[in-house]
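As structure tokens, the structure follows; a few thoughts come after it.
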Amino acid sequence: EFPVQYSLHAMNDGDELILVGRDLSVLADTQQQLISAHFVIEREREKHRGKDTQFRILLEAINEPIMYLSASTGFIVDANAAAAGIFGHETSSLIGKELNSLISGDGQNNIMELLVARAITQETQPLPIQILGTDLRAFLTTKLFRAAGERMLLCKITRSDNEMAPAKDRDELNILES
């Protein structure tokens, strides 16, 4: 019933024996707490894996090109196949690249500053970009959020011809290209 550890000791040249018991209930309680904590952690991991799977399926099911960027580094943290296709990459090779390495024009060096500033001010006008090595022009719309202590940008990409873009966007695209 009670967790006790016994040890037998010989006394007086082995003529007498003494049985000493040590109460292990505190250790047993601690072990039970550790086991319970382990089960809680496993349940949380399983929930996290389930949510991650749902996120991946949703991201890939969306036909609209979407990517997540680190606001501080400009690196692509995640993207769907539609976004990867616009940049001419597979999704796995797009992740980890800097956004400015995928676009052309003089504005590429400060693209993250522009995107973060637009997200902070909740600018609704998309930012025009030129895809590196192609004639493809696109527009980026961002939303700033915090996840796991890091500022992130949800970035929607809209393909467009320069002629189809609003006049204000054409002017900004021409600035980025020059």
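On the protein heavy atoms, probe 1.4 angstrom, tell me the percent of accessible surface of the chain carried by carbon and sulfur. Exposed carbon and sulfur together represent 54 percent of the surface.
Near Glu44, within a Cβ-to-Cβ distance under 15 Å, what is the net charge of the other residues, with Lys and Arg +1 and Asp and Glu -1? Cβ neighbours under 15 Å give a net charge of +2.
With protein chains left intact and a 1.4 Å probe, residues in segment 1-98 average 74 Å² of accessible area per residue. Using Cβ point charges alone (K and R +1, D and E -1), the dipole size of the chain about the Cα centre works out to roughly 740 debye. 3J(HN,Hα) along segment 9-18, derived from phi through the Karplus expression 6.51 cos²θ - 1.76 cosθ + 1.60 where θ = phi - 60°, amounts to 10, 8, 10, 6, 6, x, 6, 10, 10, 10 Hz, with x in place of Gly and Pro. Computed from backbone phi with θ = phi - 60° and the Karplus coefficients 6.51, -1.76 and 1.60, the 3J(HN,Hα) list for segment 124-131 is 8, 6, x, 8, x, 9, 10, 6 Hz; x is used for glycine and proline. In nm, what is the difference between 0.36 nm times the number of residues separating Gln31 and Ile120 and their Cα-Cα distance? Separation in residues times 0.36 nm, less the Cα-Cα distance, equals 27.1 nm. As a calculated quantity, the FRET efficiency between Asn110 and His48 at R0 = 30 Å, using C-beta atoms, amounts to about 0.25. Magnitude of the charge dipole for segment 49-142, about its Cα centre and with charges confined to Cβ atoms of Lys, Arg (+1) and Asp, Glu (-1), is about 220 debye.
The values are calculated or read from the model by the stated rules, or taken from the named source; none is laboratory data. Computed from a predicted model, the values in this text were never measured in an experiment. Cβ: placed from backbone, ideal geometry, glycine included. Neighbour counts: every protein chain shown. Remember, those area values only see protein heavy atoms, side chains included, never the ligands or the DNA or RNA. Shrake-Rupley method; radii C 1.70, N 1.55, O 1.52, S 1.80 Å.
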